[in-house]
Amino acid sequence: MWDTTLTLLADFIPVALFVFILVFIWRWEWLAILFVVSAPAFLIWKLDILPSSSFLITSVILFLAGLLFLADWFSTRNLEKNN
């Protein structure tokens, strides 16, 4: 029982970290650089544990989400300068 609990907790920590970062990115888009940096770090951290395809998909999604938030921040900033 404790093995399962510890395993689930170990898998929950990265998810909780990314959700925590996402909450702040939702408010301040410029913090999306955290996703852009953490996605490759997550891939490197988990690369030797399990098949890399699942972690590659997760990292690519996080990286693209970070890029989309940054693009939104840049476009919003440019609109504010033009008005």
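Since every read-out is calculated from the coordinates, none of them should be taken as a lab result. Computed from a predicted structure; not experimentally measured. Because the Cβ atoms are built from the backbone with ideal geometry, glycine has one as well, and the counts that use them run over all protein chains shown.
Quick notes on this one:
- In degrees, nearest ten, helix 2-27 long axis to first principal axis of the chain (Cα): 0 degrees
- Near Ala65: Cβ cut-off under 12 Å, other residues only, Lys/Arg at +1 and Asp/Glu at -1. The net charge is -2.
- Contact order relative to length of segment 2-77, as percent, for alpha carbon pairs under 8 angstrom and 6 or more apart: 33 percent
- A Cβ-based charge dipole, computed about the Cα centre of the chain with Lys and Arg at +1 and Asp and Glu at -1, lands at about 260 debye.
- On Cα atoms only, tilt of 33-46 relative to the major axis of the chain in degrees: 20 degrees
- Counting Cα-Cα pairs of the chain in 5 Å increments starting at 0 gives whole-percent bin shares of 3, 14, 20, 20, 15, 11, 7, 4, 3, 1, 1, 0.
- Ile44 paired with Phe74, simple spin-label distance in nm, labels 7 Å along Cα-to-beta-carbon: 2.4 nm
- The listed peptides 1-9, 60-68, ordered by packing as a protection proxy, come out as 60-68, 1-9 (highest mean of other Cβ atoms within 10 Å first).
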